[in-house]
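S.K.: Got a structure here, written out as structure tokens. Questions coming.
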Amino acid sequence: MPPLRERPPLTADERTALVGWLDLQRSIVHWKCEGLSDEDAHRAVLPDSPLMTVAGLISHLRWTEQCWFEVLFLGRPATGPSFDEEVEDKDFMVEGVPLAQLLDEYDRQCALSNEIVAAHSLDDVGKHPDFRSSGANLRWMLIHMVEETGRHAGQLDVIRELLDGGKGYY
């Protein structure tokens, strides 16, 4: 279940603020998918970006969460489509996968990410030995994920408007 579309409290501590802003962006991602058919979720509306679909973005966001929190931060094996060196942008390739399934997988990954964040200090540094980005601390990774998720929420906003005229923010 996606988080509520609420900003964190104005006087929130650092962790609450960071996770709160990330959860807000995640909930906006969900909002942009509400009422969308599977056909529209897989329809490309940008002529030079055939993988830039609602479904593709949801998959990408799911795998990005896995990459940053499980692989780079915890040091787990670099598995999944984000790490496929033979097929570029494989995490966007989800033809035929229902939007509801993609959103469910994204929700589960976000819940796992939040569990990882809750169990560690913001000063803890990533552990994967093969990636330079794992040298970032958890605070940096959370800020990056707010940026990453917010950027893609904006893309979803534009795609949704092009699909059916749906628009709005927060």
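The values are calculated or read from the model by the stated rules, or taken from the named source; none is laboratory data. Model, not experiment: these values are computed from the prediction. Cβ: placed from backbone, ideal geometry, glycine included. Neighbour counts: every protein chain shown.
S.K.: Among the residues of the range 13-50, which ones are more than 20 Å from Gly166 (Cα to Cα) and at pLDDT 95 or above?
M.R.: If the condition is that a residue be more than 20 Å from Gly166 (Cα to Cα) and at pLDDT 95 or above, then Asp13, Glu14, Arg15, Thr16, Ala17, Leu18, Val19, Gly20, Trp21, Leu22, Asp23 are the ones that fit.
S.K.: Right, another one. Determine which member of the set Gly56, Gly80, Gly166, Gly96 is modelled with pLDDT of 95 or more and surrounded by 15 or more Cβ atoms within 10 Å (Cβ to Cβ).
M.R.: On the way: Gly80 fails: modelled with pLDDT of 95 or more; Gly166 fails: modelled with pLDDT of 95 or more; Gly96 fails: surrounded by 15 or more Cβ atoms within 10 Å (Cβ to Cβ).
Being modelled with pLDDT of 95 or more and surrounded by 15 or more Cβ atoms within 10 Å (Cβ to Cβ) holds for just one of Gly56, Gly80, Gly166, Gly96, which is Gly56.
S.K.: Moving to a separate point now. Kindly indicate the residue of the range 99-120 that is out of contact with any Leu (no Cβ under 9 Å at 6 or more places or on another chain) and more than 16 Å from His30 (Cα to Cα) and also surrounded by the most Cβ atoms within 10 Å (Cβ to Cβ) among those meeting that condition.
M.R.: Leu112
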